[in-house]
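Visitor: Let me give you the structure first, and then I'll get to my questions.
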Amino acid sequence: MHLLIVSCTPRAVAASNTDKILTAFCEGFEAQGNTTERYYLARRDTWPQIRDAFAQNDDVLFALPLFVECVPGMMLEFLETLTPKAGKTKISFLLQGGFVEGCQLRCCEAYLETLPAYLGCIYNGTLLKGGMFGVSFVPDQQREKVLAPFVQAGTQFAQDGCFDKQKANEFAQPEYLSKGKALVLRLSKPVQKMVFRKIAKEKMHSTEPLDAKPFLQVVK
Amino acid sequence: MEYLIVSTLPPQHEGAAELIGQLAETLPQAEVVYTQQMKISACLGCNSCWLKTPGRCPIHDDYEPLMLKFLQAKAVVFVCDTKLGFLSYQAKNLFDRILPLATMYLTIVDGQMRHIPRYHKNLAAAVLYTGQSDNAYLNRWLARAMLNLHGVSLGAYPFEEKGAALDALAHC
């Protein structure tokens with residue numbers, strides 16, 4: 001199978017969690033002789049080429065981060081420029097988000113289930129996974145561990161030719177936080193704040209308080 | 001200003017013009033903003049508003065003054081069209097860019113992770129739309145979006161149901 005992959009994150013490729021996930025996914029998918037071509041919506045000057053590739057390919061994967069409970073505005077902007085097709089193109093989705101629980105991604109998944117029909121295409125399943133916020137920040141060894149399941153998911157997709165709903169649901173676990181996990185997260189708030197401040201300082205070179213309120217005076 | 005009406009449709013849009021006229025007449029101290037002539041880019045997902053310049057988006061366009069109006073309004077009404085069964089990208093960008101109002105810090109509400117809001121502000125929002133879309137889905141999405149912003153959804157309504165929207169806005 002040849003798969004057209006469009007990375008729909010607006011973030012620059014070097015800092016993109018979605019792209020790192022895609023690289024792992026492709027490792028599994030291509031291991032069995034499959035091929036891919038990958039494009040990036042963040043590179044707006046390539047949109048004409050992406051439109052051409054969409055017109056020419058019948059197996060398409062859109063990979064995206066969750067933005068305010070649905071697809072990023074930039075992705076919608078691109079999709080609105082596509083010419084609907086004749087009905088045999090299959091579109092699959094790879095959706096990732098920062099919060100750990102799978103349930104946080106279900107609202108967007110529900111939209112993705114309807115989207116291919118608007119483009120004259122066939123829905124071919126969604127692989128979704130939360131807890132991906134730190135993929136770009138963690139050390140290489142830890143990143144490999146986080147991304148390893150996506151290598152397997154790529155292999156599975158090559159075998160199935162789609163994202164099987166039941167397997168995708170298992171992949172998305174945990175669907176909800178267990179009471180124990182929620183308690184641990186509550187108790188670890190001071191540690192969590194320390195980690196975020198460390199990321200801000202080391203990766204963003206910022207020492208501003210992360211809960212700064214620069215516009216407090218205008219709030220009514 | 002009590003009510004902020006933000007339209008991604010131009011003032012000359014026939015259906016929107018009539019609707020916005022009625023909203024502005026009915027809702028006390030309503031301010032209308034048309035975004036078509038404004039420069040509002042898509043969110044880049046860079047995390048700067050959470051980690052580098054907390055509370056401020058690094059994109060210097062026309063969005064920040066609009067975001068400040070969100071903080072001042074009792075309720076915000078988004079007037080927009082729909083494409084591909086969802087809000088147009090112009091309208092979705094208005095929501096995507098709202099992240100500076102949340103902090104990076106997390107809390108657990110009803111067993112789910114949420115960002116801690118940056119300000120003590122109960123955002124309330126309604127969407128009035130034209131075009132074909134699944135109303136049940138738009139309501140689900142708006143409720144979910146406002147929940148994660150620790151705000152309140154006043155509902156999503158097609159233009160034809162403006163009466164129900166006005167009722168919800170009047171009682172918020």
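Visitor: Taking the highest mean first, how do the peptides B:166-172, A:211-217, B:66-72 order by number of other beta carbon atoms within 10 angstrom per residue?
Guide: On the way: B:166-172: 15.3, A:211-217: 13.4, B:66-72: 17.1.
Answer by packing, highest mean first, reads B:66-72, B:166-172, A:211-217.
Visitor: Accessible area per residue for segment B:5-148 in Å², computed with a 1.4 Å probe and the full protein assembly in place, what is it?
Guide: 38
Visitor: Can you give the relative contact order of segment B:3-170 as a percent, counting alpha carbon pairs under 8 Å and 6+ residues apart?
Guide: The value is 22 percent.
Visitor: What does the accessible area of B:E161 come to, in Å² to the nearest 10, when a probe of 1.4 Å is used?
Guide: About 90 Å², rounded to the nearest 10.
Visitor: Okay, moving on. In segment B:3-170, what percent of the accessible surface is made up of carbon and sulfur (1.4 Å probe, ligands and nucleic acids excluded)?
Guide: Carbon with sulfur: 52 percent of the solvent-accessible area.
Visitor: What do you reckon, how do A:E175, A:E144, A:E69 stack up by accessible area (1.4 Å probe), largest on top?
Guide: A:E144, A:E175, A:E69
Visitor: Under the definition of partner shielding as Cβ atoms of other protein chains within 10 Å of a residue Cβ, what is the mean value for peptide A:38-50?
Guide: For this peptide, the per-residue mean of nearby foreign Cβ atoms is 0.
Visitor: About the Cα centre of segment A:117-220, how large is the charge dipole given +1 on each Lys and Arg Cβ and -1 on each Asp and Glu Cβ? Please answer in debye to the nearest 20.
Guide: With Lys and Arg at +1 and Asp and Glu at -1, about 660 debye.
Visitor: Structure shown: which of A:K193/B:K92; A:K193/B:K121; A:K129/A:K165; A:K145/A:K198; A:K203/B:K92 lie over 19 Å apart, alpha-carbon to alpha-carbon?
Guide: A:K193/B:K92; A:K193/B:K121; A:K145/A:K198; A:K203/B:K92
Visitor: Placing +1 on the Cβ of each Lys and Arg and -1 on the Cβ of each Asp and Glu in the protein assembly as shown, which of A:M74, B:L51, B:T130 has its Cα farthest towards the positive end of the resulting dipole?
Guide: The Cα lying farthest towards the positive end belongs to B:L51.
Visitor: Here's another thing I want to ask about it. Accessible area lost on pairing A with B, both sides, 1.4 Å probe, Å² to nearest 100?
Guide: Values: alone 12530 and 9210 Å², together 16780 Å².
Chains A and B together bury approximately 5000 Å².
Visitor: For the charge dipole of segment A:2-178, defined by +1 on Lys and Arg C-beta atoms and -1 on Asp and Glu C-beta atoms about the Cα centroid, which residue among A:F163, A:Y40, A:V60 has the Cα displaced farthest towards the positive pole?
Guide: Result: A:Y40.
Visitor: Starting from the amide H of B:Y3, placed 1.01 Å from N in the peptide plane, find each other amide H under 5 Å away whose residue is 5 or more places distant or on another chain.
Guide: Close amide H contacts, sequence-distant or interchain: B:A30, B:E31, B:K74.
Visitor: How large is the helix-only mean residue ellipticity at 222 nm for chain B, computed as the sum of -39500 (n - 2.57) over DSSP H runs with n ≥ 4, divided by its residue count, in deg cm²/dmol to the nearest 500?
Guide: Numbers: 6 runs with 58 residues, N = 172.
Only helices count here, giving -10000 deg cm²/dmol.
Visitor: Please report, in debye to the nearest 20, how large the charge dipole of chain B is about its Cα centre when each Lys and Arg carries +1 at its beta carbon and each Asp and Glu carries -1 there.
Guide: On the way: 14 positive and 15 negative charges, 167 e Å.
Computed about the Cα centre, the dipole is about 800 debye.
Visitor: Using alpha-carbon positions, what is the distance between the centroids of segment B:1-33 and segment B:50-100, in Å?
Guide: 17
Visitor: Using a 1.4 angstrom probe on the protein heavy atoms only, could you order A:K20, B:K52 from most to least accessible area? Let's see the in-between values first.
Guide: Values: A:K20 45, B:K52 95 Å².
Final ranking, largest accessible area leading: B:K52, A:K20.
Visitor: Per DSSP helix of 4 or more residues, -39500 (n - 2.57); summed, then divided by the residues of chain A. What does that give at 222 nm, rounded to the nearest 500?
Guide: -13500 deg cm²/dmol
Visitor: Given charges of +1 on the Cβ of Lys and Arg and -1 on the Cβ of Asp and Glu, with all other atoms neutral, how large is the dipole of the protein assembly as shown about its Cα centre, in debye to the nearest 20? Don't skip to the end; give the middle numbers.
Guide: Working: 40 positive and 38 negative charges, 315 e Å.
The dipole of the protein assembly as shown has a size of about 1520 debye.
The values are calculated or read from the model by the stated rules, or taken from the named source; none is laboratory data. Keep in mind that this is a model prediction, so the values were computed, not measured. Here Cβ is always computed from backbone atoms with ideal geometry, including for glycine, and neighbour counts include all displayed protein chains. Areas reflect the complete protein model, heavy atoms only, side chains present, ligands, DNA and RNA absent. Shrake-Rupley method; radii C 1.70, N 1.55, O 1.52, S 1.80 Å.
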